[in-house]
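A.B. asks: Here it is, the structure, as structure tokens.
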Amino acid sequence: MTTPHTISRWTGMSMPTATDMITKLSLICEQCGKQFEAWPSRLRKFCSRKCYWLSMKGVCLIEITEQERERRKTRMLGSKNPMWRGGDSDKERRNRDYKRWRIEVFERDGFTCQRCGYYNGCGKIRRDLNAHHIVGWIESIELRYEVENGITLCVPCHITEHTDQH
């Protein structure tokens, strides 16, 4: 049988007393900054469900410094992102040549995923299509806009294609 004494020996922590368990803790809401109280057994970050759901939607009611805002914006960009492969930029893909290449790949493949045969527009569930570079964007600058280097994939097949490569 385990007693509070044996549990404290295992964990190295002293067990809370009865008074500790009936005293509420004073906490600060991470969403609105308001002070609230919570039982030690029910610790939480937000003072209400409203604050919780606002945080899930990305709305922040606390005044954030400009420095913190910039840090949050850039913390997973570029070389800080674990998927970073060097030099790949969305800005390079926002040009007429890329958009033209993408449409030509879709038209050549009949707006159909070349892996699973999904046709965009049929059925009740709509999936978006991606134009995938067979030889990667970074690997070959010469083949970036060659239609033969493209293949139409639906989003699930495109994700599978990239996870299989790693």
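The values are calculated or read from the model by the stated rules, or taken from the named source; none is laboratory data. No experiment lies behind these values; they were computed from the predicted model shown. Cβ placement follows ideal geometry from the backbone for every residue including glycine, while neighbour counts extend to all protein chains displayed.
A.B. asks: Considering the range 1-43 alone, what residues qualify as being at pLDDT 85 or above and among the basic types (Lys, Arg)?
C.D. replies: Listed by number, the list holds a single entry, Lys34.
A.B. asks: Here are some residues: Glu148, Glu68, Glu92. Which one is at pLDDT 85 or above and charged (D, E, K, R)?
C.D. replies: Working: Glu68 fails: at pLDDT 85 or above; Glu92 fails: at pLDDT 85 or above.
Answer to the check: Glu148.
A.B. asks: Here's another thing I want to ask about it. Considering only the range 91-103, state which residues are surrounded by 15 or more Cβ atoms within 10 Å (Cβ to Cβ) and more than 15 Å from Ile141 (Cβ to Cβ).
C.D. replies: Selection gives Arg102 alone.
A.B. asks: Scan the range 40-58 and report the pairs whose first residue is surrounded by 12 or more Cβ atoms within 10 Å (Cβ to Cβ) and whose second residue is part of a helix (DSSP H, G or I) and of a type in the set (Ser, Thr, Tyr), with Cβ atoms within less than 6 Å and a gap of 6+ or a chain change.
C.D. replies: Cβ pairs passing all conditions: Phe46/Tyr52.
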